[in-house]
1. Note down the nm distance, to one decimal, between modelled labels 7 Å out along Cα→Cβ at residue 372 and at residue 234.
2. Pull up the DSSP beta bridges for segment 150-305 and report the antiparallel fraction as a percent, rounded to 5.
3. Would you mind checking which residues have amide H under 5 Å from residue 282's amide H? H placed 1.01 Å from N; only 5 or more apart, or other chain.
4. In sequence order, what are the phi-derived ³J(HN,Hα) couplings for segment 52-68 according to the Karplus relation 6.51 cos²θ - 1.76 cosθ + 1.60 with θ = phi - 60°, rounded to whole Hz, with x for glycine and proline?
5. Taking the number of other C-beta atoms within 10 Å as the exposure measure, put 110, 260, 69 in order starting with the fewest.
6. In the chain, what percentage of the DSSP-assigned beta bridges are antiparallel, given to the nearest 5?
7. If we count other beta carbons within 10 Å of each Cβ, what is the order of 28, 319, fewest first?
8. Which cross-chain or sequence-distant (5 or more) residues have an amide H under 5 Å from the amide H of residue 267, H modelled 1.01 Å from N in plane?
Amino acid sequence: MARRFGIYVHFPYCAHHCPYCDFAVSTERPPEGRRYLAALTAELLLRAPALDGLAAVSVYLGGGTPSLWEPDEVAALLAALRERFALPAPAEVTIEANPESTDRAKLRAWRAAGVNRVSVGAQSFDAGVLAKLGRRHGPDAAERAIRAAAEELGNVSVDLIYGARRSSVETARRDAARAVEAGATHVSAYALTLDPEIMAEEVPLARLRREGRLPLPSDEDAAAQSAAIRAELRRAGLRRYEVSNYARPGRESLHNRLYWSAESYLGLGAGAYGCVRGEGGSYRYGNLRDAGAYLDAALSGRAPTAEEDRIGPVAERNERLMLGLRTREGVPLASLSPSQAREAEGLVAHRLAVRRAGALVLTSRGLDLHTSIAERLLE
Ligand code: SF4
């Protein structure tokens, strides 16, 4: 069977720039959605040959705010991808949607175009937390969007953020409960990250944090909020299957699982990343983040690449280890070197990991400490 790959398409436009966000976004109105579509199609023709011989199994339209894109342009993009890659009928096709730009008509149009999964950027259902995050929608709009998506498509993921200003164990627990009540079959729960080391200077909340003007819950409080979300979701039947992701059985994200099992993915669009893995070596590329520069390059027939890296064998093994440890499948014990196997013994002894079906799998406590554990195991 051919190896699988996923397709990520970045739509970089947002109605406004949330003050904690470091993604490649533009608040310009999409100059013409058609122009962006033409650029994506041009990039597709340039990049697709590198994936020939692999089987496309998922499409993820992320952003930015792809729910701002005209549904007929989403449909045209999916048709172009289908034509180039012969997507199988059960391919997972996800679109990210913001509550304020999601309605029944769009949901129906997306479904007709082949979208079968919606990821709603709710972040919280607490009006105070949403205000501190600078989100434009209120709790009711988020709930309405999730209910509508659940009714129209039946497969809805909800993004939640914890560890934000005004958040508490109680708001986190209520957020998880309300997401499930509204119809979420999958939840991604992330700690608010404002790390000055990795965030751009101009991200407003990161700047306030750097200047000591943004009090946030302590790491211990944030960990307690995460535990409250986990407990609430477990009660509701959603299982943690990755560090930050929970799903009802069978509703895990196929697309994200491709990332975690270190498969190839094609990235298209401004600021998108792609990774092509092969026997003869692997490489990763990142596209121009600026939407205008991306459009200019792609529409004049040039690859809109901003950076490109070959991935050497040691880096490849380390990546597989880091990614595999994020999941309930873990990493094959046979892939560990003697010194890594000794470290693994210590993890098992401390109940941070178990051996299961020939793999080293982190326990729930181990998943909470994933980064430091993975760093100790790296070659
Ligand atoms: S809507 Fe999402 S991508 Fe756009 S600025 Fe806000 S957080 Fe970033």
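Just so it is clear, none of the values below were taken in a lab; they were calculated from the coordinates. Remember, it's a predicted structure, so these values are computed and weren't measured experimentally. So basically every Cβ, Gly included, is an ideal-geometry build from the backbone, and we count neighbours across all protein chains shown.
1. 2.1
2. 65
3. 311
4. So the J values, rounded to whole Hz, are 4, x, 9, 9, 6, 10, 8, 10, 10, 9, x, x, x, 10, x, 6, 7.
5. Taking fewest neighbouring Cβ atoms as first place, the list is 260, 69, 110.
6. 45
7. Going from least to most buried by this count: 28, 319.
8. 8, 274, 275
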